[in-house]
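Written out below as C-alpha cells is the structure these notes cover.
The values are calculated or read from the model by the stated rules, or taken from the named source; none is laboratory data. Bear in mind the structure is a predicted one, so any value in this text is a computation, not a measurement. Neighbour counts are summed over all protein chains in view; Cβ atoms, including those assigned to glycine, are modelled from backbone coordinates with ideal geometry. Areas reflect the complete protein model, heavy atoms only, side chains present, ligands, DNA and RNA absent. Shrake-Rupley method; radii C 1.70, N 1.55, O 1.52, S 1.80 Å.
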Amino acid sequence: MRRKNGIRLATGAMAITGSLLMAPMANADASGIQLDTRTWTRSCGTKYQATMGSNYARTLKVGGGSCKGDAWVRVRWAGGWSSWRHHSRDVEIRLAGVSQSQHKGCSSCTIYTLPI
C-alpha cells in the first residue's frame, strides 16, 4: 500500500513539474543521443522551442500568438560563440562538438541557454 501511494505522489509531482513552460527537459533522439530542450512563450503569445545535442542546435517557432520575430540560434564550440542565425520559422546549426547553445525569439528578446 505504501508503495502505491508513493507512486501516486511521484506521478502528481511530475505532472506539476511538466506543466512549466520554461522548464528545461532532457530527451534522447532515435539514435540515443542526449538532447536538451526548452520551450517558452513570448508575451505576444507565440511559442518557441529550443533543442540542443552534441552536434547541433535548433530553434523552432512553434506558432500561435501574434509575434513577428524570427527563430534565432547560436552555438558555443571550439572555445567561442558562433554568430547568430535566424529564420522566420525554423533555424538550425550543425557542428561537431557543440557544448552550449543560445536561443531567442527576436533580435532583442530574452536569450535562453542550453544546457543550463
Check your understanding: Under a plain spin-label model, where a point goes 7 Å from the Cα along Cα-to-Cβ, how far apart in nm are Asp90 and Ser108?
Key -> 3.0
**Study point:** Accessible area in square angstrom per residue, the range 50-116, 1.4 angstrom probe
**Key:** 51
Practice item. Enumerate the calculated ³J(HN,Hα) couplings along the range 80-96 in order (Karplus 6.51 cos²θ - 1.76 cosθ + 1.60, θ = phi - 60°), each rounded to whole Hz, writing x wherever the residue is Gly or Pro. Key: x, 8, 6, 6, 5, 10, 8, 8, 4, 9, 8, 9, 9, 10, 10, 8, 6
Check your understanding: So who's got an amide H within less than 5 Å of the one on Asp70, skipping anything under 5 residues away but keeping other chains? H placed 1.01 Å off N, in plane.
Key -> Ser107
Study note, to complete from the structure: Whole-Hz Karplus couplings 3J(HN,Hα) for the range 61-74, θ = phi - 60° and coefficients 6.51, -1.76, 1.60, Gly and Pro as x, run 7, 5, x, x, x, 10, 5, 9, x, 6, 8, 10, 8, 8
Point to revise | Within the range 46-90, trypsin sites (Lys or Arg not before Pro) in DSSP loop having at most 13 other beta-carbon neighbours inside 10 Å | key: Lys68, Arg89
